[in-house]
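Enquirer: Just dropping this structure here.
The values are calculated or read from the model by the stated rules, or taken from the named source; none is laboratory data. Nothing here was measured: the structure is a model prediction, and the numbers come from that model. Note that each Cβ is placed from the backbone with ideal geometry, even for glycine, and that neighbours are counted across all protein chains shown.
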Amino acid sequence: MPETQPSAPPRKPRVALLFGGRSGEHAISAATAAGVLGAIDRDAYDVVPIGITRAGRWVVAEDDAERWRITAGRLPEVTSDEGAEVVLSLTAGERTLRTLEPGQVPDVLGQVDVVFPLLHGPFGEDGTVQGLLELADVRYVGAGVLASAVGMDKHFMKLVLAGHGIPVGPYEVIKPHDWDADPEACVARVERLGLPVFVKPARAGSSLGITRVDVLEDLPAAVEEAREHDPKVIVEAGIEGREIECAVLGGRGGDRARASLPGEIVVDGTHAFYDFEAKYLDEAHVELSCPADLPEPVIAEVRDLAVRTFEAVEAEGLSRVDVFVTPEQQVVVNEINTMPGFTPFSMYPRMWEATGMSYPALVDELIQLALERPTGLR
């Protein structure tokens with residue numbers, strides 16, 4: 001009998017990690033990529049790191065977690081000289097990446113099975129990149145176009161959540177033409193919220209451009225600070241209560257999404273609130289308590305509201321839901337983040353670790369969820 005040739009081992013799924021980007025959260029995205037690069041199972045997946053420069057150029061990035069970590073005095077950045085330019089085909093079903101070098105014939109980088117878009121903020125977390133991947137029929141980790149867009153825009157997020165009967169706090173929206181035409185009228189609207197208020201860019205994350213305002217005279221400067229990041233500004237009434245977070249993970253095989261044990265961030269007096277510096281540059285003054293010290297019925301309500309919020313915006317994959325728990329034990333949803341910070345020290349994976357899922361296992365679960373779901377309308 002003729003000898004049978006041993007069959008070739010099955011090809012490992014190829015995962016493209018997409019990070020950097022055009023938003024003000026470029027460095028946070030790179031730090032998130034550092035965490036995933038260091039945790040992803042190389043025996044199970046081929047990994048292709050792709051960085052996006054601040055100008056929007058896609059390049060082959062260095063496959064080195066240390067290169068992309070935030071360190072004292074240095075924020076990582078993807079630069080145009082990082083590597084060859086990467087081009088994604090927009091032909092449906094054509095999932096091949098190619099690289100372009102000046103004066104050279106395009107080179108095939110390989111077929112990608114799933115993209116992990118580790119992008120925060122506009123031009124990445126807001127549905128724009130998700131739409132690009134949908135056009136090419138490429139599977140990806142996380143929320144789709146609509147959920148990403150709704151999750152990014154705090155104004156429409158609150159409208160959707162309120163429409164689903166989910167409690168949200170009082171707020172006012174300052175649109176660019178309103179502020180330019182009559183800032184005094186905008187201030188008058190905000191005054192009705194009472195003080196303090198939190199002034200935020202409507203479409204930014206990582207606590208960029210957020211100011212706590214305790215006296216009305218400080219409001220114009222706070223609005224201008226927020227407008228540095230987004231011409232549309234949201235002003236939220238200060239809510240007396242504890243800030244609680246809950247991590248949500250999509251369900252397998254059509255099952256309902258899962259919620260972690262809730263966590264509480266405790267910031268010492270060095271910071272007025274959980275701002276950018278406290279999140280990423282001064283971890284010594286921030287403590288996560290998980291599970292949060294809350295009565296069991298309140299913990300159950302936080303987890304239920306987190307899943308309901310995830311479902312209300314039709315999120316997929318992962319999200320972090322932030323809530324307030326008032327002294328009367330009422331739970332009010334602050335926001336949903338459809339691509340939360342994802343370094344090993346970020347709150348999202350730390351809450352799952354406290355719930356029983358390690359960081360590497362969480363990375364694997366998210367990739368498997370993306371590989372499981374169909375492309376196209378769903």
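Enquirer: If I filter region 166-188 for residues that are under 28 Å from the mean Cα position of the chain (by Cα), of a type outside the set (F, W, Y), on the phi < 0 side of the Ramachandran plot and in a helix (DSSP H, G or I), do I get at least one hit?
Expert: Checking region 166-188: at least one residue is under 28 Å from the mean Cα position of the chain (by Cα), of a type outside the set (F, W, Y), on the phi < 0 side of the Ramachandran plot and in a helix (DSSP H, G or I).
Enquirer: Turning to a different aspect of this structure: Return the residue satisfying two criteria in turn: it lies in region 170-186 and is touching a helix residue (DSSP H, G or I) at 6+ places or on another chain (Cβ under 7 Å) and of a type in the set (A, V, I, L, M, F, W, C), and of such residues it is farthest from V333 (Cα to Cα). Give the steps one after another, and end with the answer.
Expert: In the first step, residues of region 170-186 are kept if they are touching a helix residue (DSSP H, G or I) at 6+ places or on another chain (Cβ under 7 Å); the result is 171-174, 178-179, 183, 186.
The next check asks that each one be of a type in the set (A, V, I, L, M, F, W, C); those that pass are 173-174, 179, 186.
On the way: V173: 17, I174: 21, W179: 27, C186: 24 Å.
Checking each candidate, the answer is W179.
Enquirer: Among the residues of region 279-289, are any β-branched (V, I, T), at pLDDT below 95 and not in a helix (DSSP H, G or I)?
Expert: Going residue by residue through region 279-289, those that are β-branched (V, I, T) are 286.
Keeping just the survivors that are at pLDDT below 95 gives 286.
Checking the rest, the ones that are also not in a helix (DSSP H, G or I) come to 286.
Checking region 279-289: at least one residue is β-branched (V, I, T), at pLDDT below 95 and not in a helix (DSSP H, G or I).
Enquirer: Do you know which residues across region 73-89 are without any contact (Cβ under 8 Å) to a residue 40 or more places away in the chain and either assigned to a loop (DSSP other than H, G, I, E, B) or more than 18 Å from R22 (Cα to Cα) (or both)?
Expert: Within region 73-89, the first condition is being without any contact (Cβ under 8 Å) to a residue 40 or more places away in the chain, and the residues that meet it are 73-74, 79-87.
Correct list: G73, R74, T79, S80, D81, E82, G83, A84.
Enquirer: Further, regarding this structure: Within region 228-239, identify whether any single residue is surrounded by fewer than 20 Cβ atoms within 10 Å (Cβ to Cβ) and more than 24 Å from G151 (Cα to Cα), and answer yes or no.
Expert: For region 228-239, residues surrounded by fewer than 20 Cβ atoms within 10 Å (Cβ to Cβ) and more than 24 Å from G151 (Cα to Cα): absent.
Enquirer: If you don't mind, there's one more thing I want to ask. Being closer than 18 Å to K158 by Cα and free of Cβ contacts under 8 Å to residues at least 40 places away in the same chain: is that true of P201 here? Steps first, please.
Expert: Details: closer than 18 Å to K158 by Cα: yes; free of Cβ contacts under 8 Å to residues at least 40 places away in the same chain: yes.
Here the answer is yes, as P201 does meet what is asked.
Enquirer: Ok, one more. What is the one condition in (1) part of a loop (DSSP other than H, G, I, E, B); (2) at pLDDT below 70; (3) buried (at least 19 other Cβ atoms within 10 Å of the Cβ) that H271 does not satisfy?
Expert: Single failed check for H271: (3).
Enquirer: Next question. Quick one: would you say R320 is in the same structural domain as L161 (by TED's automatic domain parsing), more than 18 Å from L18 (Cα to Cα), surrounded by 24 or more Cβ atoms within 10 Å (Cβ to Cβ) and under 18 Å from the mean Cα position of the chain (by Cα)?
Expert: On the way: in the same structural domain as L161 (by TED's automatic domain parsing): yes; more than 18 Å from L18 (Cα to Cα): yes; surrounded by 24 or more Cβ atoms within 10 Å (Cβ to Cβ): yes; under 18 Å from the mean Cα position of the chain (by Cα): yes.
Criteria met by R320.
Enquirer: Kindly provide the set of residues from region 41-78 that are surrounded by 17 or more Cβ atoms within 10 Å (Cβ to Cβ) and among the hydroxyl-bearing types (S, T, Y), ordered by number.
Expert: Once the filter is applied, which keeps residues that are surrounded by 17 or more Cβ atoms within 10 Å (Cβ to Cβ) and among the hydroxyl-bearing types (S, T, Y), region 41-78 yields Y45, T53.
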